[in-house]
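**Student:** Here it is, the structure in full.
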């Protein structure tokens, strides 16, 4: 399976520019003939303008239509990062996944909102996880700050996922954490992590880039730098089975002792 990860610089609050840019990136990625194209967090508005409530996509209609049409036109699955979405007067940081036929197969509202950045004051947290299948392969997704919560990523793994996607708008000031956390999540869950970060800057934030595609042993198959680039990697899904058979943590774990409440 071939995956393309779009590490891009977005314009804060410039929705029309961002839609056009994302369309161009998907078109360019499709030339590499990937199975899946992955976008970063909050690509419609960037993370996040003061007038986010006014700019958010009502019921996610435009976002879903755009991803659906793009997936069908370019013949790729799209893990749509996330977009600012407004539903019933509330704001959500929402991911949509479109298969190559153009069908929306999954959606996910970010569960863990970044309180130090006041995300929890603007947005409403999600209440359920995200598991889906593309080409018969079970997958899951979390968004940005979610990756700091190993129990949440483990729950996603226990759905049967062999790949977990992590779209983000992670700051450059903590990019060392970003790299370590994503490798740790891959190793401890024995699966592929596809972590796609923004780059560039707004008036108040420098995004860290360093998107990563990591195998179940923790090897980094592809990693971005500070600037815009398209990462591509071929992944061998059989390695998930191989590594789990060699060190079978899912057989040896003792969940009856893990009361995390």
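**Student:** Could you list log10 I(q)/I(0) for region 106-261 at q = 0.10, 0.14, 0.21 Å⁻¹, which the Debye formula gives when each Cα is one point scatterer?
**Tutor:** For region 106-261, the Cα-only Debye profile gives -0.37, -0.72, -1.46.
**Student:** Right, next: Per DSSP H run of n ≥ 4, the term is -39500 (n - 2.57); total these for the chain, divide by its residue number, and report the mean residue ellipticity at 222 nm rounded to 500 deg cm²/dmol.
**Tutor:** Roughly -8000 deg cm²/dmol at 222 nm, from the helical runs in the chain.
**Student:** Which length gain, in nm to one decimal place, applies between residue 228 and residue 31 when the Cα-Cα distance is subtracted from 0.36 nm times their residue separation?
**Tutor:** Using 0.36 nm per residue and subtracting the Cα-Cα distance, I get 69.2 nm.
**Student:** Also, quick follow-up: Report, for region 67-223, the % of DSSP beta bridges that are antiparallel, rounded to 5.
**Tutor:** Given both bridge residues lie in region 67-223, the antiparallel proportion sits at roughly 75 percent.
**Student:** Same structure again: If packing is taken as the mean number of other Cβ atoms within 10 Å per residue, what is the order of 136-146, 231-241, highest first?
**Tutor:** 136-146, 231-241
**Student:** Okay, next question. Tell me the label-point distance for the pair residue 220, residue 247, using the 7 Å Cα-to-Cβ offset, in nm and rounded to one decimal.
**Tutor:** Distance between label points: 1.9 nm.
**Student:** Any idea how far apart residue 11 and residue 121 come out in nm if each label point goes 7 Å out from Cα toward Cβ?
**Tutor:** 2.8 nm
**Student:** Counting only C-alpha contacts under 8 Å and six or more residues apart, can you give the relative contact order of the chain as a whole percent?
**Tutor:** Result for the chain is 18 percent.
**Student:** Over the Cα atoms of region 2-252, each weighted equally, I'd like the Debye log10 I(q)/I(0) at q = 0.15 Å⁻¹, rounded to two decimals.
**Tutor:** For the requested q values the scattering log ratios are -0.98.
**Student:** Report the calculated FRET efficiency for residue 158 and residue 259 (r = Cβ-Cβ distance, R0 = 25 Å), to the nearest 0.05.
**Tutor:** So, using R0 = 25 Å, E works out to roughly 0.95.
**Student:** Separate question: Quickly work out the residue 177-to-residue 237 label distance, labels modelled 7 Å from Cα along the C-beta direction, and quote it in nm with one decimal.
**Tutor:** 3.4 nm
Laboratory data are not the source of any read-out in this text; all were calculated from the coordinates shown. No experiment lies behind these values; they were computed from the predicted model shown. Positions of Cβ are backbone-derived with ideal geometry, glycine not excepted, and every protein chain shown enters the neighbour counts.
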